[in-house]
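S.K.: One structure, pasted below without further comment.
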Amino acid sequence: MSRIRRFSMGNPINTEAVLKKLPENKGEIPYFKRIQKMEVEKFSADSQGTMVQRDYLSYSMSPKDKIYGLGENVRGIDKRGWVYESNCTDDPNHTEGKHSLYGAHNFFVIDGRETFGVFLDDPGRLTLDFGYTKMDEIRITPEEWNLDLYILEGDTILEIVREFRKLIGRSYIPPRWAFGYGQSRWGYQSEADIRAVVKGYRENQIPLDAVYLDIDYMEEFKDFTVDQERFPDFSAFVEEMKQEHIHLVPIIDAGVKIEEGYQVYEEGVEQDYFCKDQEGKDFAGAVWPGKVHFPDVLNGNARKWFGSKYQFLLDQGIEGFWNDMNEPAIFYSEKNLEQVMKKIKSMKYKNMDMWEVFAFRDLVNGLANNPEDYKSFYHKINGKPVRHDKVHNLYGFGMTRAAGEAFEEMEPQKRILMFSRASYIGMHRYGGVWMGDNQSWWSHLLLNLKMLPSLNMCGFLYTGADLGGFGDDVTEDLLLRWLALGIFTPLMRNHSALGTREQECYRFTQTETFRNLIGIRYGLMPYLYSEYMKAALRDEMLFSPLAFVYPKDTHAREVEDQLLLGESIMIAPVYTQNANGRYVYLPEPMKLVRMKSVEEIETEVLEKGHYHVEVSLEEIVFFIRPGKIVPYTKSGQFMEENEYQEKDLKFLHFAEGRAEYEWYQDDGYGKDYENPAHYKKLWVN
Ligand code: MIG
């Protein structure tokens, strides 16, 4: 029996986050009280201001309450004690003081005195104050009261999450090769650069399945073009790479360059497929290529058109993409830049005091991703104009959906890799997300771990962070530790920014360690792939906080740096610089597995309790739960080499008597997911 109730307020926009609309519940909203509040809003420092209604929903927390969810966000697994904003944001500084990252994932579960889930289906801005204004109060303040509020009840957190996931539909499933290891970097300029990367990996026998193409492959940053000079015969190059078992994965940006004669631009203008400004002209912002228009991916026809453009790359043998800058990020708008330039001109010969210097700086710094710009352009949704800020959080979803829907038509039998930077719940049906521009900081390794379960709660299973860190300079030990987490994440990709230290594994000294560690990823594939598929097909968590699985264990409820992965494993990565190991809590007896490679494995049975476990840079440590099995196999240099059948499996297991495992295995490329022949019971006595 489903225990989900939908409460509708105002005139909600249908976001299509939810697949089947539940009948509206006309009763009182349980758990929350609506508090009426008027606030003075000033539009400039010297204005009198106007009174605006800032009503909020209030829930009073008990001291023991914890809050889980919010998908991709800053701070802990327990989100209590901070104020978050639902507002897809292009911000490369993922520090604790921020309120949002690239996604808007308004689903959370409160667990303590009462246990229930909340989903706020609202594509506009929303403030989620989880004990910030008052430590014991949750305050939910939508900017506008046009939303659907869902209250979900169940006997356990896991049950509530499962109910929610059923409501929003099955998570995206990538092709099997996309579970292989990938190398990326902003700055690979040409065929030669990419050949050198592949050579570096193959010569050192470090496994590799994909190389990502960042904006550098395009002709002047124009979507759906390839630079002719640097990639003179792109199809032939894609084929050459396939011969090496490497998939090239190009990036697609949201903005379409304004340029006469550029076909995508011309078509978009002609067919009215771009977002409009107040005067009804195509809205002009700027991103990489300079001035761009934004395809109106919230308009069905425009979305279809934009999706069809991916064909250009599919035709050349491409089988995967990443969608970027789709918050959408705007460096500046044409109009705002004009105003700012005028003001700056007027300051030209001024003797600026402190305030004027601040104002001057704010003018320039305020150009990018300016909230006023988001209020200055329009979508056409079901024939009606809708101002962008009211549906801001749907843009990345729309862009990725454009691609996903097009793939269904162009390649109905084939899985295409797709992940996005910006997202809203619902997008998880069309693609995964990567965690955006992290930094090569130890604290971000831990932050990335914490995002895994909250993303899973919101349906995003295919995810991972830029291993080694995107911004700043990595060190060899940090990369090794980050890979030791990345081995377990569905998307396992090393990516870094232009200008930072090069961080391809073969550039460091411990080549053999990199080979072995990444090799373990391939060796564990029988387990990792099977767990991914089961989680997707059954709407389950892939990574769970300990609190979800051991809800009565007060120690387990506090753990913020260990996760359960699927039915058999607990992971506890090292995330501290210079540490030779770490403290681990075992909520039940477990078998510690220590792997230097898939051939070199030691195990040890430990009782429930607290331990300090040594973990050197050269090994992976994880834990097996009682009665459970982890099937594994030999390693491989790439996924096709790593193919295995039941007879090729070896087992790690922890049991006094019988241990069992439900193994899922399919061809990894087709879409015959539900076939019962894919499931097998494995057991050891
Ligand atoms: O603002 O394409 O998050 O992965 O390398 C930078 C260049 C734009 C941001 C992405 C990052 C990518 C970069 N992009």
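S.K.: Tally up the residues in the stretch 320-353 that are part of a helix (DSSP H, G or I) and either among the hydroxyl-bearing types (Ser, Thr, Tyr) or within 27 Å of the chain's Cα centre (by Cα) (or both), please.
M.R.: 1
S.K.: Something else: Considering only residues that are closer than 17 Å to Tyr395 by Cβ and among the charged types (D, E, K, R), look in the stretch 310-344 and name the one that is farthest from the ligand (Cβ to nearest atom).
M.R.: Only one residue tops the list, namely Glu327.
S.K.: For the stretch 354-407, how many residues meet the condition of being in a loop (DSSP other than H, G, I, E, B) and closer than 22 Å to Lys343 by Cβ?
M.R.: 7
S.K.: Of all residues in the stretch 89-113, how many are away from the ligand (no atom under 13 Å from the Cβ), part of a loop (DSSP other than H, G, I, E, B) and in contact with a Gly (Cβ under 7 Å, 6 or more places away or on another chain)?
M.R.: Result for the stretch 89-113: 1.
S.K.: So which pairs qualify, if the first residue must be in the stretch 320-339 and without any contact (Cβ under 8 Å) to a residue 60 or more places away in the chain and under 13 Å from Gly285 (Cβ atoms), the second must be away from the ligand (no atom under 15 Å from the Cβ) and assigned to a strand (DSSP E or B), the Cβ gap must be under 7 Å, and the two must be at least 6 apart or on different chains?
M.R.: Glu334/Lys291
S.K.: Against the definition (touching a residue at least 12 places away in the same chain (Cβ under 8 Å), surrounded by fewer than 24 Cβ atoms within 10 Å (Cβ to Cβ), of a type in the set (A, V, I, L, M) and not in a loop (DSSP other than H, G, I, E, B)), how does Leu128 come out, yes or no?
M.R.: Spelling it out, it is not the case that Leu128 is touching a residue at least 12 places away in the same chain (Cβ under 8 Å), surrounded by fewer than 24 Cβ atoms within 10 Å (Cβ to Cβ), of a type in the set (A, V, I, L, M) and not in a loop (DSSP other than H, G, I, E, B).
S.K.: Restricting the search to the stretch 603-621, which residues are out of contact with any Asp or Glu (no Cβ under 8 Å at 6 or more places or on another chain) and more than 20 Å from Glu656 (Cβ to Cβ)?
M.R.: His610, Tyr611, His612, Val613, Glu614, Val615, Ser616, Glu618, Glu619, Ile620, Val621
S.K.: Please specify each residue of the stretch 180-198 satisfying the condition of being over 27 Å from Tyr430 (Cα atoms) and either touching a residue at least 24 places away in the same chain (Cβ under 8 Å) or in contact with a Pro (Cβ under 7 Å, 6 or more places away or on another chain) (or both).
M.R.: Gly187, Tyr188, Gln189, Ser190, Glu191, Ile194, Val197, Val198 - these are the residues of the stretch 180-198 that are over 27 Å from Tyr430 (Cα atoms) and either touching a residue at least 24 places away in the same chain (Cβ under 8 Å) or in contact with a Pro (Cβ under 7 Å, 6 or more places away or on another chain) (or both).
S.K.: What are the residues in the stretch 434-446 that are buried (at least 23 other Cβ atoms within 10 Å of the Cβ) and more than 16 Å from Phe419 (Cα to Cα), if any?
M.R.: Within the stretch 434-446, Asn438, Ser440, His444, Leu445 meet the criteria.
S.K.: Name every residue in the stretch 242-263 that is closer than 14 Å to Gly317 by Cα and either within 16 Å of the ligand (Cβ to nearest atom) or hydroxyl-bearing (Ser, Thr, Tyr) (or both), in order of residue number.
M.R.: Answer for the stretch 242-263, where residues must be closer than 14 Å to Gly317 by Cα and either within 16 Å of the ligand (Cβ to nearest atom) or hydroxyl-bearing (Ser, Thr, Tyr) (or both): Leu248, Val249, Pro250.
S.K.: Taking the stretch 207-225 on its own, how many of its residues are more than 14 Å from the ligand (Cβ to nearest atom), over 30 Å from Leu517 (Cα atoms) and among the hydrophobic types (A, V, I, L, M, F, W, C)?
M.R.: Looking only at that region, the number is 1.
The rows are residues; the columns are (1) assigned to a loop (DSSP other than H, G, I, E, B); (2) away from the ligand (no atom under 16 Å from the Cβ); (3) touching a residue at least 60 places away in the same chain (Cβ under 8 Å); (4) buried (at least 21 other Cβ atoms within 10 Å of the Cβ).
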residue: Pro174; (1), (2), (3), (4): yes, yes, yes, yes
residue: Ala178; (1), (2), (3), (4): no, yes, yes, yes
residue: Gly200; (1), (2), (3), (4): no, yes, yes, no
residue: Gln205; (1), (2), (3), (4): yes, yes, yes, no
residue: Pro232; (1), (2), (3), (4): yes, yes, no, no
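S.K.: Something else now. Can you give me the number of residues within the stretch 55-85 that are closer than 21 Å to Arg421 by Cβ and touching a His at 6+ places or on another chain (Cβ under 8 Å)?
M.R.: Residues meeting the conditions: 8.
S.K.: Go through the stretch 180-198 and count every residue that is within 16 Å of the ligand (Cβ to nearest atom) and either more than 20 Å from Thr500 (Cα to Cα) or outside any loop (DSSP other than H, G, I, E, B) (or both).
M.R.: Of the residues in that region, 5 qualify.
Okay, residues lined up against (1) under 20 Å from Val74 (Cβ atoms); (2) free of Cβ contacts under 8 Å to residues at least 12 places away in the same chain; (3) within 16 Å of the ligand (Cβ to nearest atom):
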site	(1), (2), (3)
His392	yes, no, no
Tyr395	no, no, yes
Ala402	no, no, no
Glu408	no, yes, no
Lys414	no, no, no
Leu417	no, no, yes
Ser423	yes, no, yes
Gly436	yes, no, yes
Cys458	yes, no, no
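S.K.: Checking the condition under 22 Å from the mean Cα position of the chain (by Cα), at pLDDT 95 or above and over 29 Å from Gln183 (Cβ atoms), which residue from Val269, Val297 passes?
M.R.: It is Val297.
S.K.: For Asp55, work out the one condition from (1) touching a residue at least 60 places away in the same chain (Cβ under 8 Å); (2) under 29 Å from the mean Cα position of the chain (by Cα) it doesn't fulfil.
M.R.: (2)
S.K.: Here's something else I'd like to know. If we keep just the residues of the stretch 642-661 that are surrounded by 14 or more Cβ atoms within 10 Å (Cβ to Cβ) and within 31 Å of the chain's Cα centre (by Cα), which is nearest to Ala535 (Cα to Cα)?
M.R.: Among those that are surrounded by 14 or more Cβ atoms within 10 Å (Cβ to Cβ) and within 31 Å of the chain's Cα centre (by Cα), it is Tyr661.
S.K.: Now, a different point. Looking only at the stretch 52-74, count how many residues are in contact with a strand residue (DSSP E or B) (Cβ under 7 Å, 6 or more places away or on another chain) and surrounded by fewer than 23 Cβ atoms within 10 Å (Cβ to Cβ).
M.R.: 12
S.K.: Hey, Gly471 hits all of (1) crowded, with 24+ Cβ neighbours inside 10 Å; (2) under 28 Å from His105 (Cα atoms); (3) within 16 Å of the ligand (Cβ to nearest atom) but one; which does it fall short on?
M.R.: The single condition Gly471 does not satisfy is (1).
S.K.: Quick check, is Asn301 in a helix (DSSP H, G or I), among the polar types (S, T, N, Q) and away from the ligand (no atom under 16 Å from the Cβ)?
M.R.: yes
S.K.: Right, another one. Tell me which residues, restricted to the stretch 534-553, are over 18 Å from the mean Cα position of the chain (by Cα) and in a helix (DSSP H, G or I).
M.R.: Scanning the stretch 534-553 gives Lys534, Leu537, Arg538, Leu546, Ala547, Phe548, Val549.
S.K.: If I ask for residues that are touching an Asp or Glu at 6+ places or on another chain (Cβ under 9 Å) and farther than 14 Å from Asp121 by Cβ, which ones from the stretch 1-37 would you list?
M.R.: Ser2, Arg3, Pro30, Tyr31, Arg34, Ile35, Gln36, Lys37
S.K.: Here is a follow-up. Within the stretch 131-163, how many residues are assigned to a loop (DSSP other than H, G, I, E, B) and over 30 Å from Val386 (Cβ atoms)?
M.R.: Qualifying residue count, the stretch 131-163: 9.
S.K.: Continuing with this model, one more query. So how many residues does the stretch 496-515 have that are charged (D, E, K, R) and in a helix (DSSP H, G or I)?
M.R.: Residues flagged as charged (D, E, K, R) and in a helix (DSSP H, G or I) within the stretch 496-515 amount to 3.
S.K.: In the set Asn382, Asn393, which member is at pLDDT 95 or above and of a type in the set (S, T, N, Q)?
M.R.: Asn393
The values are calculated or read from the model by the stated rules, or taken from the named source; none is laboratory data. Remember, predicted model here, so these are calculated numbers, not experimental data. Heads up, the Cβs are rebuilt from the backbone with ideal geometry, glycines too, and the neighbour counts pull from every protein chain shown.
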